[in-house]
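**Q** The structure that follows is given in the form of structure tokens.
The values are calculated or read from the model by the stated rules, or taken from the named source; none is laboratory data. Values in this document were obtained by computation on a predicted structure and should not be read as measured data. All Cβ positions, even for glycine, are placed from backbone atoms using ideal geometry, and neighbour counts span all protein chains on display. Areas reflect the complete protein model, heavy atoms only, side chains present, ligands, DNA and RNA absent. Shrake-Rupley method; radii C 1.70, N 1.55, O 1.52, S 1.80 Å.
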Amino acid sequence: MAENQKLDGDLLMEEKQEDTQEGKFLTFSMGAEEYGIEIRHVTEIIGIQSITDLPDMPDFVKGVINLRGKVIPVIDVRLRFGMSERPYDERTCIVVININGLAVGLIVDSVSEVIDIPAGNIEPPPKIKKGESSRYIQGLGKVNENVKILLDTRQMLFSDEMDQIKEATNV
């Protein structure tokens with residue numbers, strides 16, 4: 001009997017640890033807009049660094065970086081979203097995330113903070129014509145008087161783009 005209670009307690013602890021990231025989002029800015037990514041997809045945040053260009057890649061794939069011996073493809077989120085390119089500065093960051101098992105760096109204008117957005121404060125994405133840019137939106141998070149555009153990281157790359165990047169980086 002005591003063994004069953006211990007197993008139940010262990011399972012509850014595991015569930016609580018998994019739930020600690022529930023509703024937490026890393027927020028960052030791109031131009032005048034604030035975006036959020038579920039914190040569970042974020043591996044780390046690093047400053048902008050030297051990027052090695054890769055031939056025959058889409059324009060939003062800036063190249064690759066060497067992060068502690070691991071080659072990581074880097075995407076400029078501004079270009080991915082069809083925004084104008086801007087020079088990188090001291091606030092520009094690379095947010096390393098995991099997209100379907102592939103570590104990818106997202107270049108963002110600046111990282112803001114990690115915030116809690118309860119599920120009740122998240123609206124579904126607007127019902128607009130299903131264009132390429134709308135597929136990235138997971139929902140709209142209401143935070144005080146502001147709205148954060150919550151991104152679906154799994155949709156940041158099409159499968160053919162993933163294959164092209166994996167092939168080029170030998171991942």
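**Q** With the full set of protein chains in place, find how many percent of the accessible area of segment 24-106 is carbon and sulfur; take the probe as 1.4 Å.
**A** Values: 1830 of 3860 Å².
Within segment 24-106, the accessible surface is 48 percent carbon and sulfur.
**Q** Using a 1.4 angstrom probe, figure out how much accessible area segment 20-132 has per residue, in square angstrom, rounded to the nearest whole.
**A** 53
**Q** Just to check I understand the Karplus step: with θ = phi - 60° and J = 6.51 cos²θ - 1.76 cosθ + 1.60, what whole-Hz values come out for segment 49-54, glycine and proline as x?
**A** For segment 49-54, the Karplus-derived couplings read 9, 4, 10, 8, 5, 10 Hz, x marking Gly and Pro.
**Q** On to the next question. If you put +1 on each Lys and Arg Cβ and -1 on each Asp and Glu Cβ, how big is the dipole of segment 38-142 around its Cα centre, in Debye rounded to 20? Intermediate values should be presented prior to the final figure.
**A** On the way: 13 positive and 14 negative charges, 75 e Å.
Using only the charged Cβ atoms, the result is roughly 360 debye.
**Q** Let me make sure I get this right: for segment 21-171, a, b and c are the square roots of the gyration tensor eigenvalues over alpha carbons, sorted descending. Under 1.5 in a/c it's rounded, otherwise prolate if a/b > b/c, else oblate. Which is it?
**A** In terms of gyration-tensor shape, prolate.
**Q** What is the sum of charges, Lys and Arg at +1 and Asp and Glu at -1, for the other residues whose Cβ falls under 14 Å from the Cβ of Val108? Display every interim value, and only then the final one.
**A** Details: positive: Lys62, Arg78, Arg80, Arg86, Arg91, Lys148; negative: Glu33, Glu34, Glu44, Asp76, Glu85, Asp89, Glu90, Asp109, Glu113.
Charge balance in the 14 Å sphere: -3.
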